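The values are calculated or read from the model by the stated rules, or taken from the named source; none is laboratory data. From a predicted model like this one, the values you see are computed outputs, not experimental measurements. With ideal geometry, Cβ positions are generated from the backbone for all residues, glycine too; neighbour counts draw on all protein chains shown.
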Amino acid sequence: MKRNIAVLQGDGIGKEVTRGAVEILEAVAQRYGHDFEFQYGEIGGGAIDSTGSPLPDETVEICKNSDAVLLGAVGGPKWDDQPAHLRPERGLLKIRKDLNLYANIRPISYYSSLSESSPLKKEFIEDVDFVIVRELTGGLYFGKPSERVEKEGKEAVVDTLFYQKSEMKRIIELAFSLASERKKKVTSVDKANVLESSRMWRETAEEIAKDYPDVILEHMLVDNAAMQLIKNPKQFDIIVTENMFGDILSDEASVLTGSLGMLPSASISTNGPNLYEPIHGSAPDIAGKNLANPIGTILSAASMLRLSFGLEDEAKAVEQAVETVLEYGLRTGDIANGQPTITSTSEMIAEIKANLLDQEAIS
Ligand code: NAD
Ligand code: IPM
Ligand code: MN
């Protein structure tokens, strides 16, 4: 069966890391006899430069006609002073909306070989294993109005936090169903002491909890959650939260694993192809230097194999190859922890690929 994969490389290290994930998917195709076809589409700053739009219609078409989408990252200083509609990030938000990617699943998993890569003490991060379920198509990111205004003759601004209850329901429902297959605990993170939207979120979580009697529901205010993530991360199983809180908490949580460059994500659609992307950005400070950690993107490709194609063995093989090269001691700069020998992006990709193909020789 042929599978069409849309690849949106984007800007900065987006190009370097997606190249890696494509190489790994090609190696999977070779080892297991699959037929993956890659179609490339433009998004972000590069797309603005060549077409005038951060998300050309053609890219949306390529994605809609695909079985799954792989994305790198968008953005960079070159486009930072553009008006809102001409910012690279607008392309990313639009593809999330156009594909109805309502849920972004961000697993936070501990690798014992990286225990020294995190600035946090080993005993606090050992065996950490939780998932942030982030609402992705609502909240402050999409509410209207979002604009500069004049109020009583004074310069002012408005952003809008808007949610339909149904949008809360579907994401919290997903969080409970994931928890029921894991450690059976949902931590719903909000700011219910201040925000009306959070009070509706909390109510909704309570309603859904009734359908999952074996799952424990706990509410946590977001400021406390930011602290608890560092103080006692082992308490978490599934964290479910609205769009912006999820964005911020997941970058924070990446420190538990050693680096932002390690974290994959899967964005789940209500009705079409899912999208897989690392949680990090285009990292302008290291872009083009062959220094980026490709593992977050490669693990995102593994999620694609599992969730979009039902290829569990293949997904596990990729994850195993990543684990093995980390055990060998290969380290890009972000996880090197002062170690003198730094592995380049291309070398890391080549080693993961070689390991994946070696597993075949062994088995
Ligand atoms: P960033 O995630 O790009 O980088 C933050 C820090 O982490 C930097 O020091 C960077 O070098 C490091 N880092 C990130 N990914 C890494 C990797 N794979 N390997 C090694 N180190 C890595 O965040 P930022 O600097 O705040 O944002 C830069 C640009 O990226 C902005 O334009 C922002 O809007 C955009 N951005 C895009 C996405 C996305 O496309 N999904 C996500 C976040 C930020
Ligand atoms: C992410 C990024 C995006 C977000 C930006 C670039 C719009 O930070 O994917 O986490 O905030 O969702
Ligand atoms: Mn982010």
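Considering every residue within the stretch 127-134, establish whether at least one is over 19 Å from E277 (Cβ atoms), more than 16 Å from ligand 3 (Cβ to nearest atom) and at pLDDT below 95. Yes; the residues of the stretch 127-134 include at least one that is over 19 Å from E277 (Cβ atoms), more than 16 Å from ligand 3 (Cβ to nearest atom) and at pLDDT below 95. In summary, strands (runs of 3 or more DSSP E) completely within the stretch 1-107 and bearing 3 or more residues that are in contact with a helix residue (DSSP H, G or I) (Cβ under 7 Å, 6 or more places away or on another chain) and without any contact (Cβ under 8 Å) to a residue 60 or more places away in the chain occur at 35-41. Find all pairs meeting these conditions: Cβ atoms under 7 angstrom apart; at least six residues apart or on different chains; first residue within the stretch 265-277 and closer than 18 Å to V17 by Cβ and without any contact (Cβ under 8 Å) to a residue 12 or more places away in the chain; second residue outside any loop (DSSP other than H, G, I, E, B) and away from ligand 2 (no atom under 11 Å from the Cβ). Pairs that qualify, where the first residue is closer than 18 Å to V17 by Cβ and without any contact (Cβ under 8 Å) to a residue 12 or more places away in the chain and the partner is outside any loop (DSSP other than H, G, I, E, B) and away from ligand 2 (no atom under 11 Å from the Cβ): there are none. Screening T297 against (1) within 16 Å of ligand 2 (Cβ to nearest atom); (2) in a loop (DSSP other than H, G, I, E, B) leaves a single unmet condition, (2).
A residue that is closer than 30 Å to H280 by Cβ and within 16 Å of ligand 2 (Cβ to nearest atom) cannot be found anywhere in the stretch 195-218. A count restricted to the stretch 194-223 and to residues that are part of a helix (DSSP H, G or I), touching a strand residue (DSSP E or B) at 6+ places or on another chain (Cβ under 7 Å) and β-branched (V, I, T) stands at 1. Summed over the stretch 273-292, residues that are away from ligand 2 (no atom under 15 Å from the Cβ), crowded, with 20+ Cβ neighbours inside 10 Å and of a type outside the set (A, V, I, L, M) total 1. On inspection, L305 does not qualify as within 16 Å of ligand 2 (Cβ to nearest atom), surrounded by 17 or more Cβ atoms within 10 Å (Cβ to Cβ), assigned by TED's automatic domain parsing to the domain that holds Y40 and of a type in the set (A, V, I, L, M, F, W, C). Each residue in the stretch 247-272 was checked for being under 12 Å from V131 (Cα atoms), more than 10 Å from the chain's Cα centre (by Cα) and surrounded by 24 or more Cβ atoms within 10 Å (Cβ to Cβ), and 1 pass. Screening E351, E319, E360 for residues that are in a helix (DSSP H, G or I) and surrounded by fewer than 15 Cβ atoms within 10 Å (Cβ to Cβ) leaves exactly one candidate, E360. Being within 11 Å of ligand 1 (Cβ to nearest atom), under 18 Å from the mean Cα position of the chain (by Cα) and either hydrophobic (A, V, I, L, M, F, W, C) or over 16 Å from N274 (Cα atoms) (or both) is the requirement here; does G44 meet it? In short, yes. Across the stretch 322-336, what is the number of residues that are within 16 Å of K353 (Cβ to Cβ) and assigned to a loop (DSSP other than H, G, I, E, B)? Of the residues in the stretch 322-336, 2 are within 16 Å of K353 (Cβ to Cβ) and assigned to a loop (DSSP other than H, G, I, E, B). The residues in the stretch 137-161 that are in contact with a Gly (Cβ under 8 Å, 6 or more places away or on another chain) and either within 16 Å of ligand 3 (Cβ to nearest atom) or not in a strand (DSSP E or B) (or both) can be counted, and the count is 1. Here E252 fulfils each of the conditions (1) closer than 28 Å to S66 by Cβ; (2) within 14 Å of ligand 2 (Cβ to nearest atom); (3) outside any loop (DSSP other than H, G, I, E, B) apart from (1).
In this structure, K2 does satisfy being surrounded by fewer than 17 Cβ atoms within 10 Å (Cβ to Cβ), among the charged types (D, E, K, R) and away from ligand 1 (no atom under 12 Å from the Cβ).
Taking the conditions exactly as written (within 16 Å of ligand 2 (Cβ to nearest atom) and either over 24 Å from Y110 (Cβ atoms) or crowded, with 19+ Cβ neighbours inside 10 Å (or both)), does A225 satisfy them or not? The answer is no for A225.
Residue count for the stretch 167-191, restricted to those that are within 17 Å of V222 (Cα to Cα), surrounded by fewer than 20 Cβ atoms within 10 Å (Cβ to Cβ) and not charged (D, E, K, R): 0. Within the stretch 42-88, the only residue that satisfies the criterion of being of a type in the set (D, E, K, R), crowded, with 18+ Cβ neighbours inside 10 Å and closer than 15 Å to Q9 by Cα is E42.
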